[in-house]
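Undergrad: Mind having a look at this structure? Questions to follow.
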Amino acid sequence: MGSKITITDDIRYIGVNDHELDLFEGQYIVPNGMAYNSYVILDEKIAVMDTVEVHFGEEWMGNLLEALDGRTPDYLIVQHMEPDHSANIVRFMDAFPTATIVASMQAFAMLKQFYGHDYADRKLVVKDKETLDLGGRTLTFVSAPMVHWPEVMMTYDPKSKTLFSADGFGKFGALDVDEDWACEARRYYFGIVGKFGKQVQALLKKASALEIERICALHGPILDENLDYYLGLYNTWSSYGVESEGIAICYTSVYGHTKEAVELLAAKLEEAGCPKVAVTDLARDDMAEAVEDAFRYGTIVLASTTYNMGVFPFMSDFIERLVDHGYTKRRVALIENGTWAPAAAKTMRAKFEGAKEIEFCENVVTIKSALDDTSRAQLDALVAELMA
Ligand code: FEO
């Protein structure tokens, strides 16, 4: 795939696939790699939409030159300054000395910070709703602050009805791997953009005024059918709505006793008719997947060992991540284990301070070392409360 992806006669894909990356943005595993998308609009004037990550400059430039077929670009539109998209700006500006950079004021400040200069004599600063005439079409810029950096703007092309959406509607995964969109888009959204639901809602409102037939994000596939599905998911996610019926259980376990309780709980919930129980071992599974599940379902059950008179480190980290990402409007149930002084439930509850609209289940399960009749009865009571 790569540069062979067709968009329209005059919009070409010139992005690259990265299968070497260990952690995207320094923290997210990407089993199916990552795509850094870039596009070129070939009109009377030529505009290139963003660059790509630092290791792919040569491949990207090759794609660009092929698409240009001897012509010279007039503009480089910089929608987002994060280096996975901006790292080849200098290469571009050196290769095409007559080109102008088009970006927000804040993007130019970041350009100077990252790369040492802001092309003062070759820059065009644009604001929300301002336009750029390419001859056969006039692009409109749509500012999208905090989706997911403050300088971000998106670009609308009314001729092809395309929204170039920067990181919005992006996903993990290279474009030469076939996989479900929602799974990796959801993990991407809640990990990277999730905290900024309000800003995404504002953006969706702006987008609703545009006639959109195609979304070209900076990561992930070009979306050109069934757009209501993608827009609907973004609306659910950014409004912190419940996407799927079911319960997420996230746990830590040292010697397997808490895990045994979790497995028993999961079996009982399924037996009671819970449509989906998603279980994550916070020490061993991908925590970004657990964060995604916590936002996907309306209820999470947290089960943790007591540790240092508090909570196990992986659970502590997990709750902090949820709160940091704006966790809200959810029901939380607590299971603790402790051999001499169980304190995990109290600690977990306290760690949600700062998260709004969290409802805690009345039934708390306390395991003393291993499940016994008392804790089994507590689990039954919790199942009844969860399924009521
Ligand atoms: Fe894909 Fe926020 O960079």
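Each reported figure results from applying straightforward, stated rules to the coordinates on display, with no laboratory input. What you see is a predicted model; the values in this text were computed from it and never measured. Backbone-built Cβ (ideal geometry, glycine too); neighbour counts: all protein chains shown.
Undergrad: Starting from the Cα gyration tensor of the stretch 253-351, take the square roots of the eigenvalues, sort them a ≥ b ≥ c, and report rounded, prolate or oblate (rounded when a/c is under 1.5, otherwise prolate if a/b is larger than b/c, else oblate).
TA: Working: a/c = 1.63, a/b = 1.12, b/c = 1.46.
Here the stretch 253-351 falls in the oblate category.
Undergrad: Mind scanning K276/K346; K159/K206; K129/K206; K123/K205; K161/K206 and naming the pairs with a C-alpha gap bigger than 21 Å?
TA: K276/K346; K123/K205
Undergrad: Something else now. Name the residues whose placed amide hydrogens come within less than 5 Å of the amide hydrogen of V52, ignoring near sequence neighbours (fewer than 5 apart) on the same chain.
TA: A87, N88
Undergrad: Something else about it: Two-decimal Rg/Rh of the stretch 62-128 from alpha-carbon positions, Kirkwood Rh?
TA: That ratio equals 0.96.
Undergrad: Roughly what % of Cα-Cα distances in the stretch 339-388 sit above 17 Å, to the whole percent?
TA: So the portion of pairs separated by more than 17 Å is 46 percent.
Undergrad: Another question about this same structure. So how far apart, in nm, are the two label points at H19 and T328 if each is 7 Å from Cα heading toward Cβ?
TA: 4.2 nm
Undergrad: If all Cα-Cα distances of the stretch 182-274 are sorted into 10 Å bins from 0 onward, what percent lands in each bin, rounded to whole numbers?
TA: 13, 35, 24, 18, 10, 1
Undergrad: Still on this structure, I have one more. In degrees, nearest 10, range 0 to 90: what is the angle between the Cα axis of helix 57-68 and the longest Cα principal axis of the chain?
TA: Roughly 50 degrees between the two axes.
Undergrad: T339 to E44: extension gain in nm, 0.36 nm per residue of separation minus the Cα-Cα distance?
TA: 98.8 nm
Undergrad: Pairs of alpha-carbon atoms within less than 8 angstrom and 6+ residues apart define the contacts here; what relative contact order does the stretch 84-243 have, in percent?
TA: Reported as a whole number, the value is 17 percent.
Undergrad: Compute the long axis of helix 197-208 from its Cα atoms, compare it with the longest principal axis of the Cα atoms of the chain, and write down the angle in degrees, 0 to 90, nearest 10.
TA: 50 degrees
Undergrad: Count the net charge of all other residues whose Cβ sits under 9 Å from the Cβ of A109, scoring Lys and Arg as +1 and Asp and Glu as -1.
TA: -1
Undergrad: What's the angle, to the nearest 10 degrees (0 to 90), between helix 287-296's Cα axis and the longest principal axis of the chain?
TA: Value to nearest ten degrees: 80.
Undergrad: With a point put 7 Å past each Cα toward its Cβ, work out how far T6 is from M387 in nm, to one decimal.
TA: According to this spin-label approximation, the distance is 5.3 nm.
Undergrad: By counting other Cβ atoms within 10 Å of each Cβ, how are W181, W340 ranked from fewest to most?
TA: Least to most surrounded, the residues fall as W340, W181.
Undergrad: What does DSSP give for the chain in terms of the percent of beta bridges that are antiparallel, rounded to the nearest 5?
TA: Just about 45 percent of them are antiparallel.
Undergrad: Taking 0.36 nm per residue of separation and subtracting the Cα-Cα distance, what length does fully extending R91 through T374 add?
TA: The R91-T374 span can extend by a further 95.2 nm.
Undergrad: Rounded to whole Å and sorted largest first, list the principal axis extents of the Cα atoms in the chain.
TA: 78, 38, 35
Undergrad: Here's another thing I want to ask about it. Give, as a single signed number, the net charge of other residues whose beta carbon lies under 10 Å from the beta carbon of T328, with Lys and Arg counted +1 and Asp and Glu -1.
TA: Working: positive: K329, R330, K356; negative: E357.
Spelling it out: positives minus negatives among the neighbours equals +2.
Undergrad: Given the pairs K268/K356; K127/K195; K195/K356; K171/K195; K171/K351, which span a C-alpha to C-alpha distance of over 19 angstrom in this model?
TA: Over 19 Å apart, Cα to Cα: K268/K356; K127/K195; K171/K351.
Undergrad: Rounded to whole Å and sorted largest first, what semi-axes of the equivalent ellipsoid does the C-alpha gyration tensor of the stretch 1-160 yield via the square root of 5 times each eigenvalue?
TA: 22, 20, 16
Undergrad: Counting Lys +1, Arg +1, Asp -1, Glu -1, what net charge surrounds E260 among other residues with beta carbon under 12 Å of its beta carbon?
TA: Residues close to E260 contribute a combined charge of 0.
Undergrad: Still on this structure, please answer the following. Using the count of nearby Cβ atoms within 10 Å as a rough guide to exposure, how do V332, V311, V54 rank from fewest to most?
TA: Result, fewest neighbours first: V54, V332, V311.
Undergrad: So how strong a dipole does the chain carry about its Cα centre when Lys and Arg Cβ are +1 and Asp and Glu Cβ are -1, to the nearest 20 debye?
TA: Dipole of the chain, to the nearest 20 debye: 1200 debye.
Undergrad: Along Cα→Cβ, 7 Å out, is where each label goes; now give me the distance between the ones at E213 and M309 in nm to one decimal.
TA: 6.7 nm
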